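Heads up: the structure comes next, in structure tokens.
The values are calculated or read from the model by the stated rules, or taken from the named source; none is laboratory data. None of the values given here were measured: they were computed from a predicted structure. Cβ coordinates were reconstructed from backbone atoms using ideal geometry, including for glycine residues, and neighbour counts include every protein chain displayed.
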Amino acid sequence: MEALLTALVLTGIFVALVLAAYRASGPRCSPWPQRLPFLGGGEADTHAWQRYHVRFYTMTLVFIAFEMEMMFMYPWAVVFVEEGLKALAEMGMFLAILSLGILYGWREGIFRWQ
Amino acid sequence: MSLAAFPFLAFFLALGAALVVVLDAVARAALAGAPAGPYLAGTFRHAAMRLSGQLVTTEAPDRANWRLAPAWYGALAAAGLAVVPFGEGMALIQLPTSIVLWGAVEALVVVVVFLHGWSPNAPFPLIGAYRYVATGLPVMLPSMFVLIGAALPARSLDVLAIVESQREMWNVVRQPLGLPLFLIVGLSLTLRGPMDYADSADLAGGSSAEDSGPARAMWQAARLAMLVAFSAMAATVFLGGYLGPLLPGPLWLALKTALVLELMVAATHLLPRMPVSRMVTFLWVVLLPVSFLHLLAAGLVAL
Amino acid sequence: MTLASVLIVAAGLIGIGLYGALSQQSFVMLMMGLELIMNGALLAVLGFWSFALGGMPEGQLLAIVIMAVMAVEMAAGFALVVAVYRNRQADVIESLTTLKQ
Amino acid sequence: MAVGGTPVFVAAGGGVLGAVEALRLEPALTLVATPRAAQVLVVAGEQRPSDRIALARIHAQLFEPRATVWWRADRPSGFDFGTGAPESVSDAAAFISAQATQSEGEAILLDDGPPNPWEGVGPYGQGGNGMMGGTPYGRPMAMTTDDLRDGLALDAYSATFGPYLTQWPPGLIMETTLQGDVIQSVRIVEAPLAQDLLAATPHLELARLLRLLELPALADRLVRAALADPARAAAGLARAVRWTGLLAAIPSALARDESGGDVRSRTAGRLDALSAGRPADPAAPGDLAAMLIGLEWHEAALVLASFSIDELRGAIASPAVRMAKGAA
Amino acid sequence: MTDALFTGLSALALYAGWRVFRVDSMVRASFWLMISFIAVGGIGLLLSAPYIGVATVFMMAVEMTVMVLFMVMFMMNPAGLNPMMMVHQHRFSIGVGVVAFAGMTAATLLTDLPSNPVAAGKAIVHDLGIELLGDSMLIFETAGVTLLATMVAAVILSARTGRFGDAVEGSVPPGLEPGGTPAGRVPEKSGGHHHGHGGHDHGSHGDGRSDHAHHHEGDGHDSGGHDHAGDKEKHA
């Protein structure tokens, strides 16, 4: 509970700081020419928000599957010394299995820009 | 919770950020072959001026997220620093799983930087935001492995226990690969030098290309705060944190944090930034196996 | 904070999630609904674990399993979305159902 | 990170790039990459008449109070604000820095209005119709097109970039279509402007590349060496640059030119030239626009920086090269 | 105090969950969902589950980031510049949601719930670790194989170079020296001028041969978008 309260208070402090800084700033409104996104003097045809073509999307899917392993590793780390080589062997197997997935992905070229 | 830690937290953030500015100016001037004095004077003079500038908006931004991103970033830095013990039992957030909390901070940094780049509705920030996600996600893997490696000898996920486990020997000696791997994570968390994929030079400042006045100043300040928080965490996990003879604990931690800050600043100015697809491959194909090895070595040493 | 109150909040999350999963036309939004249902399930499991199971480790394991299911569901779901979009240039559920035929 | 003096954005024109790099070394100034961060706009060098609107846009993007300084530049018609700076670099730096606090603000030249009418249009008054239609908030939305690389037809973003992008050679204007961060098509509208002799030294050419690789301090060191004596062999400096691992950071086989060199080999050639104190070997970019298609934005910037400005000008001069759309 | 925090976090979790389906911007929708998860993680902390609670925040931040990428990629009007309502069977869905909530609430209130709270000072994470390791390797093996299957399925389904795409490209092994050229950017042999520009250097890691094959194969395959693209260009 204390941890939650502390995090909330710290967040509140920073939000207040930032809002105070904005309050002290100069004029608020921007005329239209000033709002143009910076393109080195050029102009865009459309809004920048778009169905953005993420070039690494397969990598992110592999990542969320691989990252699940963390959920298992944290508790494993606590009992590692106690359980000794058995824990090492289990985690070694686990990571070896997951590494196969990464190797397969690498072979399929998921880490480069699609 | 130890409320005594609160003033330390505030001091750390303020003094640490000032120290980074000095270190950055000195390193930059030294490498450029110029005296550092004039640069330094200018930096502090202009920080105040930036705060009073106009808050420029773009055509149709996601205003709330854009304006609040620096606040979230700063809050994450503070929350990250809060798990660092400044002395025996003197951490603002004490949890049996505080390194998992640090992991959550790292994950949320990716969210915040993405929001900061997405919100202005402008191309350069947008590209910066997506690039950051591409590197920010996989770089979390070495980070988790490194922190779990440090948790092995401590038999706990608590940062306090990790410090106490270093009474005999610092983790930097026991787990030599850990600190370099963790520094790479830190460069990514604070958008610096070789890992600056969000605020890159080729994107005219990337996610902060459309920030002006106080928004820009706050974003830069939050980056400094995150750098301090990261360095304190690195000093705690690898350099024994507050442990040390004669001097009081917080002072030891400050000295070690300053040392890590120097390493970070040096890495910023001395290492080039690869194009992003190359870095993504590097993270998965080189750094991930290295962190496997690191964990294996750490495990064998801990047994 | 009692078990009943936790379970009611969980029920609320599941209810909202069901609404989302059933009403959204887009496949990715449907997945948001599913995630919200999982969120409710996670909360219910945590509540039971904390109040009724005396901190049995199996309860935590179940929570981890729920998270794993979420991760697997997301990875597989989005991969499917990509595959369908690549062929059909659309992501609405209707196009998924036509794909079956 | 911001280190140093008054933040200024330099809108560099022709014949002035070397001098602008010298300005960068002045502690009184910090050259920033976006006008959003700048207190002063410095318009430097010869300006093309056709760049008037671009310049007016940059001027409008500054935050208030705006201040403009003209340095070694003639004012295009209509730009009757700002002050002229002294010719010499150090005097100019002091002068520009002083303008930051003295400006009363300048009016925007462009009309204050959205690019398209939108307010009150559409069912919610946001300017649009349906999911994708209309001009919400004054601008249409991006639409899907086919993609060069992976066959996912997602939205394409088309825009004119330049001529004042500091990470590109000054004066270069390209109409570019992006999908994500990958360039789909390029039309070169204007070639970069011819620059002074200093800008053609291997030092400054390397410095441009180093800035793109986030090594600004080393870039400053190169500029300093060039200002001292561009003809002297600087083997130590070249070694310092090599030791950063710069060549390993550049992808191999990126943007092959006609003589078979790529970005990495051209950079290595510049380093050799630097350590020998001679000009770098010439390279021929060939079809520049086609070379950029399919590249990620950072890689494209590296490709541009890997050629000298004269090489780029030469490649763009022939009209056949100026049009290149889509994949072959 | 705990009750106040619980009430606040519950309200936040429910409100955020409701906002998910009410905002126009897909980015906001995803991150509202993340906030809902974070609130549940916070409640987890209050329920003396320090590990699951914090790990929920950690995992969900990552998953929602990925969610955002895909939401923006595949939803029309991802930023919600035009207000929109993409729903079907709306009333029915609301009904189902309400009935489900009411049913579960009634069940909760009418059942006599067991009570056996977590003992203070219990080594929660430690117990979980022991449980995970177990007597056999069952849990780790099962999880590993499931996740591996997920990864492989995700790659096959989503990557263009997957098994259903260009078989030739997929069968070319990557460069095996990790330190050297990890991206496999081996200089092209003859593929470069085949399509007349350097751009495809990038798309053709692996080696020059695969690049060549890639482009010929593309015409004959029925693998969706690439062909589509090819056709368009021919027409243009």
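Going through E:LEU113, E:LEU109, E:LEU69, E:LEU47 one at a time, which residue ends up being at the interface with chain C (Cβ under 9 Å from one of its Cβ atoms) and touching a Gly at 6+ places or on another chain (Cβ under 7 Å)?
So the residue among E:LEU113, E:LEU109, E:LEU69, E:LEU47 that is at the interface with chain C (Cβ under 9 Å from one of its Cβ atoms) and touching a Gly at 6+ places or on another chain (Cβ under 7 Å) is E:LEU47.
State all residues of segment E:132-146 that are within 7 Å of another protein chain (Cβ to nearest Cβ), surrounded by fewer than 18 Cβ atoms within 10 Å (Cβ to Cβ) and more than 26 Å from the chain's Cα centre (by Cα); if no residue qualifies, say none.
Result: E:MET137, single match.
Answer with yes or no whether D:ALA273 is in the same structural domain as D:ALA233 (by TED's automatic domain parsing), among the small types (Gly, Ala, Ser) and surrounded by fewer than 24 Cβ atoms within 10 Å (Cβ to Cβ). Give the derivation first.
Numbers: in the same structural domain as D:ALA233 (by TED's automatic domain parsing): yes; among the small types (Gly, Ala, Ser): yes; surrounded by fewer than 24 Cβ atoms within 10 Å (Cβ to Cβ): yes.
Criteria met by D:ALA273.
Tell me, which helices (runs of 4 or more DSSP H) lie completely within segment D:15-122 with 3 or more residues that are at pLDDT below 90 and more than 21 Å from the chain's Cα centre (by Cα)? Break it down stepwise before answering.
Working: elements: D:17-24, D:52-61, D:89-102.
In segment D:15-122, the matching helices (runs of 4 or more DSSP H) lie at D:89-102.
If I go through segment A:39-59 residue by residue, how many of them are closer than 24 Å to D:GLY105 by Cβ and touching a helix residue (DSSP H, G or I) at 6+ places or on another chain (Cβ under 6 Å)?
Number satisfying all stated conditions: 1.
Tell me, please, whether a residue that is of a type in the set (S, T, N, Q) and either facing chain E (nearest Cβ under 7 Å) or touching a strand residue (DSSP E or B) at 6+ places or on another chain (Cβ under 7 Å) (or both) can be found in segment A:83-102.
no
Does segment A:35-62 hold any residues that are over 29 Å from E:VAL66 (Cβ atoms) and more than 8 Å from chain D (Cβ to nearest Cβ), and which are they?
A:ARG35
Among the residues of segment D:150-172, what is the count of those that are farther than 17 Å from B:ASN121 by Cα, more than 9 Å from the chain's Cα centre (by Cα) and either among the basic types (Lys, Arg) or at pLDDT 90 or above (or both)?
First, the residues of segment D:150-172 that are farther than 17 Å from B:ASN121 by Cα: D:150-154, D:162-172.
Cutting the leftovers down to more than 9 Å from the chain's Cα centre (by Cα) gives us D:150-154.
Narrowing the set further to residues that are either among the basic types (Lys, Arg) or at pLDDT 90 or above (or both) leaves none.
The number of residues fulfilling the criteria is 0.
Go over the candidates B:ALA232, B:ALA201, B:ALA222, B:ALA161 one by one and state the one that is surrounded by 24 or more Cβ atoms within 10 Å (Cβ to Cβ), within 14 Å of another protein chain (Cβ to nearest Cβ) and either within 28 Å of B:SER98 (Cβ to Cβ) or not polar (S, T, N, Q) (or both). Even if it seems obvious, please write down each step before you answer.
On the way: B:ALA232 fails: within 14 Å of another protein chain (Cβ to nearest Cβ); B:ALA201 fails: surrounded by 24 or more Cβ atoms within 10 Å (Cβ to Cβ); B:ALA161 fails: surrounded by 24 or more Cβ atoms within 10 Å (Cβ to Cβ).
Being surrounded by 24 or more Cβ atoms within 10 Å (Cβ to Cβ), within 14 Å of another protein chain (Cβ to nearest Cβ) and either within 28 Å of B:SER98 (Cβ to Cβ) or not polar (S, T, N, Q) (or both) holds for just one of B:ALA232, B:ALA201, B:ALA222, B:ALA161, which is B:ALA222.
I need the full set of residues from segment D:144-165 which are more than 10 Å from chain E (Cβ to nearest Cβ) and surrounded by fewer than 22 Cβ atoms within 10 Å (Cβ to Cβ), in order please.
D:SER158, D:ALA159, D:THR160
Give segment D:179-204 a look and list any residue that's more than 30 Å from D:SER158 (Cβ to Cβ) and either not polar (S, T, N, Q) or not assigned by TED's automatic domain parsing to the domain that holds D:ALA273 (or both), or say none.
Taking segment D:179-204 as the starting set, the residues that turn out to be more than 30 Å from D:SER158 (Cβ to Cβ) are D:196-204.
Answer for segment D:179-204, where residues must be more than 30 Å from D:SER158 (Cβ to Cβ) and either not polar (S, T, N, Q) or not assigned by TED's automatic domain parsing to the domain that holds D:ALA273 (or both): D:ASP196, D:LEU197, D:LEU198, D:ALA199, D:ALA200, D:PRO202, D:HIS203, D:LEU204.
Filter segment D:201-224 down to the residues that are farther than 16 Å from D:LEU23 by Cβ, more than 8 Å from chain B (Cβ to nearest Cβ) and more than 16 Å from the chain's Cα centre (by Cα) and list them by number.
D:THR201, D:PRO202
For (1) closer than 23 Å to A:LEU36 by Cα; (2) surrounded by fewer than 24 Cβ atoms within 10 Å (Cβ to Cβ); (3) among the polar types (S, T, N, Q), each residue gets a yes or a no:
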residue	(1), (2), (3)
D:ALA38	yes, no, no
D:ARG52	yes, yes, no
D:ALA56	yes, yes, no
D:PRO86	no, yes, no
D:ASP91	no, yes, no
D:ILE96	no, no, no
D:GLN99	no, yes, yes
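Criterion first (more than 7 Å from every other protein chain (Cβ to nearest Cβ) and surrounded by 16 or more Cβ atoms within 10 Å (Cβ to Cβ)) does A:MET68 satisfy it?
So A:MET68 fails the test.
Out of the residues in segment B:266-303 meeting the condition of being β-branched (Val, Ile, Thr) and surrounded by fewer than 24 Cβ atoms within 10 Å (Cβ to Cβ), tell me which one is modelled with the lowest pLDDT.
From segment B:266-303, those β-branched (Val, Ile, Thr) are B:268, B:276, B:280-281, B:285-286, B:290, B:301; that's our starting set.
Pick out the ones that are also surrounded by fewer than 24 Cβ atoms within 10 Å (Cβ to Cβ) and you get B:285-286, B:290, B:301.
On the way: B:VAL285: 93, B:VAL286: 94, B:VAL290: 95, B:VAL301: 90.
Ranking the candidates gives B:VAL301 first.
To keep it simple, each residue is scored yes or no on (1) among the aliphatic types (A, V, I, L, M); (2) surrounded by 23 or more Cβ atoms within 10 Å (Cβ to Cβ); (3) at pLDDT 90 or above.
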{"site": "A:ARG23", "(1), (2), (3)": "no, no, no"}
{"site": "A:GLY26", "(1), (2), (3)": "no, no, no"}
{"site": "A:TYR52", "(1), (2), (3)": "no, yes, yes"}
{"site": "A:LEU61", "(1), (2), (3)": "yes, yes, yes"}
{"site": "A:PHE80", "(1), (2), (3)": "no, yes, yes"}
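Would a scan of segment A:74-97 turn up a residue that is within 20 Å of B:ALA134 (Cβ to Cβ) and without any contact (Cβ under 8 Å) to a residue 60 or more places away in the chain?
First, the residues of segment A:74-97 that are within 20 Å of B:ALA134 (Cβ to Cβ): none.
No.
Assess whether D:ALA194 counts as being more than 30 Å from D:VAL20 (Cα to Cα) and in contact with a strand residue (DSSP E or B) (Cβ under 7 Å, 6 or more places away or on another chain). Don't jump to the end; show me each part of the working.
Details: more than 30 Å from D:VAL20 (Cα to Cα): no; in contact with a strand residue (DSSP E or B) (Cβ under 7 Å, 6 or more places away or on another chain): yes.
No: the conditions fail for D:ALA194.
Determine, yes or no, whether E:ALA102 is free of Cβ contacts under 8 Å to residues at least 12 places away in the same chain, surrounded by fewer than 14 Cβ atoms within 10 Å (Cβ to Cβ) and either of a type in the set (Gly, Ala, Ser) or assigned to a strand (DSSP E or B) (or both).
yes
Please determine whether any residue of segment A:71-78 is over 21 Å from the mean Cα position of the chain (by Cα), surrounded by fewer than 23 Cβ atoms within 10 Å (Cβ to Cβ) and among the aliphatic types (A, V, I, L, M).
no
Criterion first (at pLDDT below 85 and either in contact with a strand residue (DSSP E or B) (Cβ under 7 Å, 6 or more places away or on another chain) or more than 22 Å from B:SER200 (Cβ to Cβ) (or both)) does D:GLY130 satisfy it?
When the stated conditions are applied, D:GLY130 passes them.
Please find, among D:ALA98, D:ALA85, the residue that is without any contact (Cβ under 8 Å) to a residue 24 or more places away in the chain, of a type in the set (Gly, Ala, Ser) and within 19 Å of D:PRO7 (Cβ to Cβ).
D:ALA98 is the lone residue from the list that is without any contact (Cβ under 8 Å) to a residue 24 or more places away in the chain, of a type in the set (Gly, Ala, Ser) and within 19 Å of D:PRO7 (Cβ to Cβ).
Exactly one condition in (1) in contact with an Asp or Glu (Cβ under 9 Å, 6 or more places away or on another chain); (2) surrounded by fewer than 17 Cβ atoms within 10 Å (Cβ to Cβ) is false for D:ALA228; which is it?
(1)
Condition first: over 20 Å from D:HIS298 (Cβ atoms), out of contact with any Ser or Thr (no Cβ under 6 Å at 6 or more places or on another chain) and in a loop (DSSP other than H, G, I, E, B). Can you find one or more residues in segment D:176-188 that meet it?
no
Give the residues of segment D:103-119 that are among the charged types (D, E, K, R) and touching a Lys or Arg at 6+ places or on another chain (Cβ under 8 Å), sorted by residue number.
Selection gives D:GLU106 alone.
Considering segment B:269-290 alone, what residues qualify as being part of a helix (DSSP H, G or I), farther than 21 Å from B:ALA129 by Cβ and either of a type in the set (D, E, K, R) or within 19 Å of the chain's Cα centre (by Cα) (or both)? Let's see the steps before the verdict.
Narrowing segment B:269-290 to residues part of a helix (DSSP H, G or I): B:269-270, B:276-290.
Imposing the further condition that a residue be farther than 21 Å from B:ALA129 by Cβ reduces the set to B:269-270, B:285-290.
If the condition is that a residue be part of a helix (DSSP H, G or I), farther than 21 Å from B:ALA129 by Cβ and either of a type in the set (D, E, K, R) or within 19 Å of the chain's Cα centre (by Cα) (or both), then B:HIS269, B:LEU270, B:LEU287 are the ones that fit.
Look at segment B:118-141 and say how many of its residues are in contact with a helix residue (DSSP H, G or I) (Cβ under 8 Å, 6 or more places away or on another chain) and assigned to a loop (DSSP other than H, G, I, E, B).
Within segment B:118-141, residues that are in contact with a helix residue (DSSP H, G or I) (Cβ under 8 Å, 6 or more places away or on another chain) and assigned to a loop (DSSP other than H, G, I, E, B) number 2.
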